Every structure is written in structure tokens, then in C-alpha cells.
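K.L.:
This is the structure I have questions about; it appears just below.
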Amino acid sequence: MASAERGLSAPPEVVFNTATDPARASAWLPEPLRADGTPAEHVSAEELEARWRAAGDWSAEIRIDQADAGGARVRLDLTGGPDADHLAGEALDNLAREVADNLQAG
């Protein structure tokens, strides 16, 4: 399992809603987990966590926590292939861009 963490300067709820929006998930999830509009397998808005699974051994679990100054701390656990470490960090970079786009749009 690969893990990556990142801080974002957006409220945790905004990060969570962006991450779990099926229309946006395909823009940030690693390729093996992109489901083209299929929602996450498990979503807990109360706990700010979600899980996706794909064919084979691929899965991703995200958890968002409150950080200082109203920001968010995001943790992504990714399992699947030999490049999961690289993909976990890349996925959080992509999520950060999606959150920024979401904030600018709304």
C-alpha cells in the first residue's frame, strides 16, 4: 500500500465534495480507478472519507481532516500496482488542481 498526504488551503468539506464528485473524480484518481462518472463505493460525509475499488487489486481510500487556518489535510491510501507510490502523490496533486478549479468556479 502506498500513502500520500498533502495540505490544502480549502475547507475540508470543499475538498471532500470535490474529491467525491463523480464528474471530478476521473480528473484526479489514478487511471486504474477512473470510473467515468461512477460514484465511490463508500462515502461518509460525516467522517470525510471515501473509498473506490476497481477491477484487479486497485483501491483508493481518502480521508480529509481539518488543518490550521481553515485548511484541510488529505491522506490517500492507494493499493494496486508497482507504481502506486508515484501515483498516490500524483493523484493528490491532481486533486489540489481540481479543488482550486472548484473554488474559482464557485
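K.L.:
So Asp101 ticks every box in (1) assigned to a helix (DSSP H, G or I); (2) in contact (Cβ under 8 Å) with a residue 40 or more places away in the chain but one. Which box is left unticked?
P.N.:
That leaves (2) as the condition not met.
K.L.:
Run down Ala23, Ala10 and say which single residue is without any contact (Cβ under 8 Å) to a residue 24 or more places away in the chain, under 21 Å from Gln104 (Cα atoms) and either open to solvent by 20 Å² or more (accessible area, probe 1.4 Å) or not β-branched (Val, Ile, Thr) (or both).
P.N.:
After applying the criteria, what remains is Ala23.
K.L.:
Then there's this: Are any residues in the stretch 44-59 surrounded by 13 or more Cβ atoms within 10 Å (Cβ to Cβ) and modelled with pLDDT of 95 or more, and if so, which ones?
P.N.:
Ser44, Leu48, Glu49, Ala50, Arg51
K.L.:
Residues of the stretch 64-97 being crowded, with 18+ Cβ neighbours inside 10 Å and assigned to a helix (DSSP H, G or I), which ones?
P.N.:
Across the stretch 64-97, the qualifying residues are Ala84, Leu87, Ala88, Ala91, Leu92, Leu95, Ala96.
K.L.:
Considering the stretch 41-63 alone, what residues qualify as being small (Gly, Ala, Ser) and part of a strand (DSSP E or B)?
P.N.:
Listed by number, the residues that qualify are Ser44, Ala50, Ser59, Ala60.
K.L.:
Residue check, Pro32 against (1) surrounded by fewer than 16 Cβ atoms within 10 Å (Cβ to Cβ); (2) at pLDDT below 85, all met but one. Which one?
P.N.:
(1)
The values are calculated or read from the model by the stated rules, or taken from the named source; none is laboratory data. This one's a predicted model, so the numbers in the text were calculated from it and none came from an experiment. Cβ atoms come from the backbone with ideal geometry, glycine included; neighbour counts cover every protein chain shown. All accessible areas refer to the heavy atoms of the entire protein, side chains included, with ligands and DNA or RNA removed. Shrake-Rupley method; radii C 1.70, N 1.55, O 1.52, S 1.80 Å.
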